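*Asks:* This is the structure, below, for whatever I ask next.
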Amino acid sequence: MPAPLTSATDPTTPAGATERGLVSASAALAHRILVIEDEPDIANLLALHLRQQYHHVQVTHDGQAGFELACQQDWSLIVLDLHLPGKDGLEICRDLRGRGHTVPVLMLTSRSSEMDRVLGLEMGADDYLLKPFSVIELMARIKAILRRVQTERAGREPTAPVDELVSQSHRLVLNLRQHRISKAGKVLDLTGKEFDLLSYFMQHPEDAFSRAHLLNRIWGQGQEGYEHTVNTHINRLRAKIEDDPTRPRIIVTVWGVGYRLG
């Protein structure tokens, strides 16, 4: 069993709430957090601290039950253990993305190998935390993920009466609201991260992006050093959208830089 988590009060909470602080607290209460963790001590500690800041926190100890909950309800974030009975964390993450669910996932793992962390990211996790960890670090990562999601949504709002992105030359139609992509009228089956990558390229058709930039924008901050995750997802995306993946015309390589929309 992993060493116990260390608990501490979040030092970032101000003693007096300003008007801005009240708004932030109200927004935090609106978040819905799902915890899928089979170790009762860790699950109870997570629930205790999360419920101090978020109104709705639900805990389940079984992987299959957690997967069904994740699919049936809308969540702001899922805290997901890697080792679970019924269905492990990698399967849950992979199957959620395969069904088009884009809810952020913070994966908990006692495995310290690089390959396990890479697998988690490639299956669609937004961040990972190695056990044992402090509650302060956990809460900081959760806040950072939720803040990033809110910032991205807010950044889209002023210019986003546009729900559809169209590339006439590539015969692509991408619907952001329905999370649907079609090519020449045929609906394509993309994972969550593949959809995010393609939509990002289509929103910036004139720009070339480095692997590090894409990793930061699509997977979030704190994933430096795992740029090969981007390569893997680009290759899988090309296999689904290109007429000839060996000669890509939609997502093209810019040598010495990264990738851009063709």
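*Asks:* Has the range 239-259 got any residue that is at pLDDT below 90, among the charged types (D, E, K, R), in contact with a Leu (Cβ under 7 Å, 6 or more places away or on another chain) and open to solvent by 30 Å² or more (accessible area, probe 1.4 Å)?
*Replies:* no
*Asks:* Please give the number of the condition D62 fails out of (1) open to solvent by 40 Å² or more (accessible area, probe 1.4 Å); (2) within 22 Å of the chain's Cα centre (by Cα); (3) modelled with pLDDT under 90.
*Replies:* It is condition (3) that D62 fails.
*Asks:* Filter the range 114-130 for residues that are touching a strand residue (DSSP E or B) at 6+ places or on another chain (Cβ under 8 Å) and either among the polar types (S, T, N, Q) or surrounded by fewer than 19 Cβ atoms within 10 Å (Cβ to Cβ) (or both) and give the result. Reasoning before the result, please.
*Replies:* Our first condition is that a residue be touching a strand residue (DSSP E or B) at 6+ places or on another chain (Cβ under 8 Å); within the range 114-130, this holds for 116-117, 120-121, 124-130.
Result: D116, L129, L130.
*Asks:* Pairs only if they're at least six apart or on different chains, beta carbon under 8 angstrom, first in the range 97-110 and under 17 Å from S199 (Cβ atoms) and among the hydroxyl-bearing types (S, T, Y), second assigned to a helix (DSSP H, G or I) and open to solvent by less than 40 Å² (accessible area, probe 1.4 Å); list them, first residue then second.
*Replies:* Close Cβ pairs (under 8 Å, with a partner that is assigned to a helix (DSSP H, G or I) and open to solvent by less than 40 Å² (accessible area, probe 1.4 Å)) amount to T102/G192; T102/F195.
Conditions tested, residue by residue: (1) modelled with pLDDT under 85; (2) of a type in the set (A, V, I, L, M, F, W, C); (3) open to solvent by 30 Å² or more (accessible area, probe 1.4 Å).
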{"site": "A184", "(1), (2), (3)": "no, yes, yes"}
{"site": "L198", "(1), (2), (3)": "no, yes, no"}
{"site": "E206", "(1), (2), (3)": "yes, no, yes"}
{"site": "S210", "(1), (2), (3)": "no, no, yes"}
{"site": "L214", "(1), (2), (3)": "no, yes, no"}
{"site": "W219", "(1), (2), (3)": "yes, yes, no"}
{"site": "G222", "(1), (2), (3)": "yes, no, yes"}
{"site": "G225", "(1), (2), (3)": "yes, no, yes"}
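*Asks:* Got a number for residues in the range 45-57 being polar (S, T, N, Q) and either in contact (Cβ under 8 Å) with a residue 12 or more places away in the chain or surrounded by 18 or more Cβ atoms within 10 Å (Cβ to Cβ) (or both)? Break it down stepwise before answering.
*Replies:* Within the range 45-57, the subset polar (S, T, N, Q) is 52-53.
Next cut, either in contact (Cβ under 8 Å) with a residue 12 or more places away in the chain or surrounded by 18 or more Cβ atoms within 10 Å (Cβ to Cβ) (or both) only: 53.
Result for the range 45-57: 1.
*Asks:* Test each condition in (1) touching an Asp or Glu at 6+ places or on another chain (Cβ under 7 Å); (2) modelled with pLDDT under 90 for H233 and report the one that comes out false.
*Replies:* Just one mismatch for H233, condition (2).
*Asks:* Do we have R99 as out of contact with any strand residue (DSSP E or B) (no Cβ under 9 Å at 6 or more places or on another chain), at pLDDT below 90, surrounded by fewer than 19 Cβ atoms within 10 Å (Cβ to Cβ) and among the basic types (K, R) here? Steps first, please.
*Replies:* Details: out of contact with any strand residue (DSSP E or B) (no Cβ under 9 Å at 6 or more places or on another chain): yes; at pLDDT below 90: yes; surrounded by fewer than 19 Cβ atoms within 10 Å (Cβ to Cβ): yes; among the basic types (K, R): yes.
Here the answer is yes, as R99 does meet what is asked.
*Asks:* Additional query: Cβ-Cβ distance below 8 Å, separation of 6 or more or different chains: which pairs start in the range 158-172 with a residue that is under 11 Å from K183 (Cα atoms) and in a loop (DSSP other than H, G, I, E, B) and end on one that is modelled with pLDDT of 50 or more and open to solvent by 100 Å² or more (accessible area, probe 1.4 Å)?
*Replies:* Filtered contacts from the range 158-172: H170/R249.
*Asks:* Also, I was wondering about something else. Which one is nearest to K240 (Cα to Cα) among residues in the range 186-196 that are open to solvent by 20 Å² or more (accessible area, probe 1.4 Å) and among the aliphatic types (A, V, I, L, M)?
*Replies:* Residues of the range 186-196 open to solvent by 20 Å² or more (accessible area, probe 1.4 Å): 186-189, 191, 196.
Filter once more, keeping what is among the aliphatic types (A, V, I, L, M): 187-188.
Details: V187: 11, L188: 7 Å.
Looking at residues that are open to solvent by 20 Å² or more (accessible area, probe 1.4 Å) and among the aliphatic types (A, V, I, L, M), I get L188.
The values are calculated or read from the model by the stated rules, or taken from the named source; none is laboratory data. Remember, predicted model here, so these are calculated numbers, not experimental data. Counting neighbours? That spans all protein chains shown, and the Cβs are built from the backbone with ideal geometry, glycine included. For accessibility, only protein heavy atoms count, side chains too; no ligands or nucleic acids. Shrake-Rupley method; radii C 1.70, N 1.55, O 1.52, S 1.80 Å.
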